[in-house]
Amino acid sequence: MEDASVECSESHISKIGRLQLLDGPSRCAGRVEVLHDQRWGTICDDGWDLADANVVCRQLGCGTAVLAPKAAHYGRGQDTIWLDDVNCTGMEESIFDCKASAWGDNNCYHGEDAGVLCSDSGVPISVELRLVNGSTRCNGRVEVFHNDTWAALCDHGWGMAEAQVVCRQLGCGEALLAPIGSHFGQGYGQMWPGNINCTGSESALFTCKTRHWSNSTCHPWTSAGVVCAEGDQIRLVNYGSRCAGRVEILHNKLWGTVCDKNWDLLDANVVCRQLGCGRALSAPGQAQFGQGTGIVWLDGMNCTGFEYSLSACSAKPWGITSCDHWEDAGVVCSDSIIPEPAHLRLVNGSHRCAGRVEVLHEEMWGAVCDHAWDKKDAEVVCRQLGCGTVLSASGEAHLDAGSHRVWLDNVSCEGTEPALMKCRASPWGKSSCSHGKHASVVCSGSAVSSFAPVRLVGGPGRCAGRLEVFHNEQWGTVCDDRWEIPDAAVVCRQLDCGVVISAPLRAYFGHGQGPMWLDDVNCTGTEAALSECKFKGWGIHNCYQHEVASVVCSGSGISDLVDLRLVNGSDKCSGRLEVFHDQRWGTVCADGWDLAEAYVVCRQLGCGAARSASSFSQFGEGPHLTWVDAVECTGMERALFECKVKLWGAQSCKSKGYASVVCSAAVDIDLRSPEALRLVNGPHRCSGRVEVFHSQQWGTVCHDDWDLNDANVVCRQLDCGTAVSALRMSSFGRGSGPIWLEGVRCRGTEATLAECPVKPRGLHGCSHLEDAGVVCSGSGMSNVSTLRLVDGLSECAGRVEVFYNNEWGTVCDDNWDMSDAAVVCRQLGCGTALSAPGSARFGWGSSRIWLDEVSCTGEENDISQCKAKTWGVHNCHHGEDAGVVCSDATLLLMWDAGG
């Protein structure tokens, strides 16, 4: 390079320089370094892309570029950064023929060093990676995609460095373990023939050094595994179920809690989803599952309810909070409602908590021999059945003992086990119990009638309300000091009302009358009755009458008020209110219905604030079934079941109207009819850019969050079958009207787009470059047959691009001829083929090369019907992109000229 070139802002680099790739798995993959002025230096990644990488690979004789990694993917260099803003066309023979800033002129640091991975790098590891046969996506047997199938990795040399790279590539946090010896099973496929050696700092497994074996000595019982920390682990603690408790999250290797400020059902739903625990029933705050210790990690949570992990929700930065642990948030999920233990029972007693012990094995009930049976064994049984503490443990002789199968013998418990099956015992069915005596238990729960009676009053039924206890011939209340979920759980058990949903404070169901009998109640949650718990002496307290404890149990039916919907409105945030109960949807009576109740509904549904609360049948009559007769909210509740509710069909509705709501997040666009929706600019009415009709004008849908679930709803609404693909980035051209919708989030099962959550109209930040599109099966187009010609003078001439796997890509010109071009022209309705140019006549594409060695007869109607290599398999670069000129291209040009 001439010295004068240094003075230029952009120069053609001299061919004198030398080039190398360092710190990669082979000479054809690594950090790009060039030699100038007798010193090696790096290239900044500003503007670095596959065209630049292709030139590097060609210059080194390494085939074509597979990747053009940025951000010091192969580690940071140490010397001068020689080049910046490199801009190759891809046709150059040398990187030094490309345009770039002057030597040494850059605004970069080594964290921006450019890299290259070439096709001849000798890296046989696929970019595709998965973990299988584990409990989550972040632990399991390591498999890579090899020879069109999944192959397990051999554990030769496998260690924590390799595991760390796998966890990083999968976004699963830190590596915890690197199990070997087929810890996660052997699998049924082939073994990848080689081993891998990582430093632990690589961003992906395919960038590690590899060694290929010609004669593999790896066996299926020697596969490698990984256990990752899974990023943000979450748990619910201090309750008897993994699906209910105080919320704790792992961050920076420390468990911490979540503040209850802004904590609501939307946040709780994300927790339940992340844990696989169903839906949220309640989101208790004020440390109702006890106060945690250590740091409060999250504050100001604001989830939409659709996130898959709590850390994906909006919140203050980690550890930034003004909260204390008395404000720790909790969750009760629907899967915490667990039936009585199905594998253990007490029979032939006076109560379910007393009798002969029986266990279920191989779908048959059998007894337990009383050999060595004692109070420790019985304690486990009482705890497992929720029957309090053990009163007696004995053997029981039976005249018909011979007819009783004996499943267990020589049971030996420590007394702390959660279930009888966790205790030591003889093998199933192996017993010498010839004397006919079987183990029996009497638990404290069997004497429940001797406990102080309790009741719940002022609520919607006997299983929800203000807690009252009967003592000295008088009913009295319980102070809410230290009142928590485990205490309420005992009340629900004592009343046979299912499991606890919430433990409201501050006289939620009214102040009540009479003395305050109990204060500072402290239950473990396993007691059979409230009076078994610790508390101050009867009548001893320092509370006011407004500090009264309440309980809501699942048996109240209030948990059904979690399932709400608004129907017959413009979208999910407006319409007639319905609740799901007894497997049927029913309405809510409009007696007393106003904005306070509407605010709670909008909040529970994640639909913003209430705009209006109608007490007449504005949105139709709906089913002739009124489930809720009256609702009374303050407007501050987080969910409808926290309001005072008169439930389940008492049929005392005076207004004869149905409660309706319009929330602020409602989209004032009626999307219910097929006429409000269309697909345009595609080859068929069932494929094209999505447009909706509002205010006498068609407008588009922004592609934010757009996926196959959304596309499926569009196809269903238009009677176009199922979705083949959900297109983004204006794949069917840019619209010209308003952008009516953004942030569409369908489940995929909705009948119309109106039922899907969307952002409020006018809150989008999109442009028409981001218009969403859809290809439906009813269009007659396969997943691979979407076709276009680009960068020509008209839509009937240009570079051939096909749409596959949600991405546009080019066609290699190997074997490309007029027969192939004829099919393209026919498919596009562009007449006959005039020419089939190759060698990127219409410019280089920038994405995938989807097809190579296409061989059409010329009679096909769709290019996907022609013979070709497997999708994505080729030995080409974009300098070989195929093109087509059709006869209608000249007509279009003549028309334009004449116009």
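The values are calculated or read from the model by the stated rules, or taken from the named source; none is laboratory data. Predicted model only: the values in this text are computed from it and were never measured. In this analysis, Cβ positions are derived from the backbone assuming ideal geometry, glycine residues included, and neighbour counts consider all displayed protein chains. In case anyone asks, the SASA skips ligands and DNA or RNA and just uses the protein heavy atoms, side chains included. Shrake-Rupley method; radii C 1.70, N 1.55, O 1.52, S 1.80 Å.
Can you find a residue that is more than 15 Å from LYS437 (Cβ to Cβ) and buried (at least 17 other Cβ atoms within 10 Å of the Cβ) anywhere in segment 359-370?
Taking every residue of segment 359-370 in turn, at least one turns out to be more than 15 Å from LYS437 (Cβ to Cβ) and buried (at least 17 other Cβ atoms within 10 Å of the Cβ).
Quick one: which residue in HIS110, HIS73 is crowded, with 18+ Cβ neighbours inside 10 Å and farther than 18 Å from SER846 by Cα?
HIS73
Restrict the check to segment 427-449 and report whether at least one residue is open to solvent by less than 30 Å² (accessible area, probe 1.4 Å), small (Gly, Ala, Ser), at pLDDT below 80 and touching an Asp or Glu at 6+ places or on another chain (Cβ under 7 Å).
There is at least one residue in segment 427-449 that is open to solvent by less than 30 Å² (accessible area, probe 1.4 Å), small (Gly, Ala, Ser), at pLDDT below 80 and touching an Asp or Glu at 6+ places or on another chain (Cβ under 7 Å).
Residue check: is ARG716 within 16 Å of GLU675 (Cα to Cα) and in a helix (DSSP H, G or I)?
It is true that ARG716 is within 16 Å of GLU675 (Cα to Cα) and in a helix (DSSP H, G or I).
Could you tell me how many of the residues in segment 233-292 are under 22 Å from SER322 (Cα atoms) and hydroxyl-bearing (Ser, Thr, Tyr)?
Adding up the residues that qualify gives 1.
For the subset of segment 69-104 comprising residues that are basic (Lys, Arg) and in a loop (DSSP other than H, G, I, E, B), which member is nearest to ASP23 (Cα to Cα)?
For segment 69-104, the residue satisfying everything is ARG76.
Which one of these does THR210 not meet: (1) β-branched (Val, Ile, Thr); (2) at pLDDT 70 or above; (3) assigned to a loop (DSSP other than H, G, I, E, B)?
Of (1) β-branched (Val, Ile, Thr); (2) at pLDDT 70 or above; (3) assigned to a loop (DSSP other than H, G, I, E, B), only one is false for THR210: (3).
If you scan segment 87-107, which residues turn out to be open to solvent by 20 Å² or more (accessible area, probe 1.4 Å) and among the aliphatic types (A, V, I, L, M)?
MET91
Among the residues of segment 257-276, write down those that are surrounded by fewer than 22 Cβ atoms within 10 Å (Cβ to Cβ) and more than 22 Å from ARG506 (Cα to Cα).
Selection gives ARG273, GLN274, LEU275, GLY276.
Quick test for you: out of GLN59, GLN38, pick the one residue that is at pLDDT 85 or above, surrounded by fewer than 23 Cβ atoms within 10 Å (Cβ to Cβ) and of a type in the set (S, T, N, Q).
GLN59
Could you please give the count of residues in segment 680-717 that are closer than 13 Å to LEU753 by Cα and touching a residue at least 60 places away in the same chain (Cβ under 8 Å)?
8
Among the residues of segment 543-554, write down those that are touching a residue at least 24 places away in the same chain (Cβ under 8 Å) and surrounded by fewer than 19 Cβ atoms within 10 Å (Cβ to Cβ).
Listed by number, the residues that qualify are CYS543, GLN545, HIS546.
Which residues, counting only those in segment 573-591, are modelled with pLDDT of 80 or more and open to solvent by 60 Å² or more (accessible area, probe 1.4 Å)?
The answer is TRP585, and nothing else.
If LEU763 satisfies all but one of (1) touching a helix residue (DSSP H, G or I) at 6+ places or on another chain (Cβ under 7 Å); (2) at pLDDT below 80; (3) surrounded by fewer than 21 Cβ atoms within 10 Å (Cβ to Cβ); (4) not β-branched (Val, Ile, Thr), what's the number of the condition it fails?
Only one criterion in (1) touching a helix residue (DSSP H, G or I) at 6+ places or on another chain (Cβ under 7 Å); (2) at pLDDT below 80; (3) surrounded by fewer than 21 Cβ atoms within 10 Å (Cβ to Cβ); (4) not β-branched (Val, Ile, Thr) is unmet by LEU763, namely (1).
Restricting attention to segment 550-572, and to residues there that are within 14 Å of VAL645 (Cβ to Cβ) and β-branched (Val, Ile, Thr), which single residue is modelled with the highest pLDDT?
Out of the qualifying residues, it is VAL552.
Among the residues of segment 472-480, is any closer than 24 Å to VAL332 by Cβ and of a type in the set (Asp, Glu)?
Looking for residues that are closer than 24 Å to VAL332 by Cβ and of a type in the set (Asp, Glu), one finds at least one in segment 472-480, hence yes.
Could you name every one of the strands (runs of 3 or more DSSP E) located completely within segment 313-393 that has at least 2 residues being of a type in the set (Gly, Ala, Ser), on the phi > 0 side of the Ramachandran plot and touching a Gly at 6+ places or on another chain (Cβ under 7 Å)?
Where strands (runs of 3 or more DSSP E) fall fully within segment 313-393, none carries at least 2 residues being of a type in the set (Gly, Ala, Ser), on the phi > 0 side of the Ramachandran plot and touching a Gly at 6+ places or on another chain (Cβ under 7 Å).
Could you tell me whether GLY134 is modelled with pLDDT of 75 or more, open to solvent by less than 20 Å² (accessible area, probe 1.4 Å) and assigned to a loop (DSSP other than H, G, I, E, B)?
Here the answer is no, as GLY134 does not meet what is asked.
Every residue, every condition in (1) touching a helix residue (DSSP H, G or I) at 6+ places or on another chain (Cβ under 7 Å); (2) surrounded by 16 or more Cβ atoms within 10 Å (Cβ to Cβ); (3) modelled with pLDDT under 70; (4) within 29 Å of GLY75 (Cβ to Cβ), yes or no:
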position	(1), (2), (3), (4)
SER214	no, no, yes, no
THR217	no, no, yes, no
TRP221	no, no, no, no
VAL226	yes, yes, no, yes
ASP232	yes, yes, yes, yes
TYR239	yes, yes, no, no
CYS243	yes, yes, no, no
ARG246	no, yes, no, no
ILE249	yes, yes, no, no
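Would you call VAL690 part of a strand (DSSP E or B), among the hydrophobic types (A, V, I, L, M, F, W, C), at pLDDT 85 or above and in contact with a helix residue (DSSP H, G or I) (Cβ under 8 Å, 6 or more places away or on another chain)?
yes
Cβ-Cβ below 6 Å, separation at least six or inter-chain, first residue in segment 824-851 and under 17 Å from ILE863 (Cβ atoms) and assigned to a loop (DSSP other than H, G, I, E, B), second open to solvent by 40 Å² or more (accessible area, probe 1.4 Å) and at pLDDT 85 or above: which pairs?
ALA836/ASP817; ALA836/MET818
Among the residues that make up segment 804-822, is at least one of them over 20 Å from GLN865 (Cβ atoms) and either in a loop (DSSP other than H, G, I, E, B) or open to solvent by 20 Å² or more (accessible area, probe 1.4 Å) (or both)?
Within segment 804-822 (the criterion being over 20 Å from GLN865 (Cβ atoms) and either in a loop (DSSP other than H, G, I, E, B) or open to solvent by 20 Å² or more (accessible area, probe 1.4 Å) (or both)), the answer is yes, since at least one residue qualifies.
Kindly indicate whether any position in segment 866-880 is in a helix (DSSP H, G or I), among the β-branched types (Val, Ile, Thr), at pLDDT below 85 and open to solvent by 40 Å² or more (accessible area, probe 1.4 Å).
Within segment 866-880, not a single residue is in a helix (DSSP H, G or I), among the β-branched types (Val, Ile, Thr), at pLDDT below 85 and open to solvent by 40 Å² or more (accessible area, probe 1.4 Å).
In the list ALA772, ALA711, which residue meets the criterion of being touching a Phe, Trp or Tyr at 6+ places or on another chain (Cβ under 6 Å), among the hydrophobic types (A, V, I, L, M, F, W, C) and either closer than 26 Å to VAL802 by Cβ or modelled with pLDDT of 85 or more (or both)?
Exactly one residue qualifies, and that residue is ALA772.
Conditions tested, residue by residue: (1) open to solvent by less than 40 Å² (accessible area, probe 1.4 Å); (2) charged (D, E, K, R); (3) modelled with pLDDT under 80.
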position: GLN604; (1), (2), (3): yes, no, no
position: PHE619; (1), (2), (3): yes, no, yes
position: ALA630; (1), (2), (3): yes, no, yes
position: GLN651; (1), (2), (3): no, no, yes
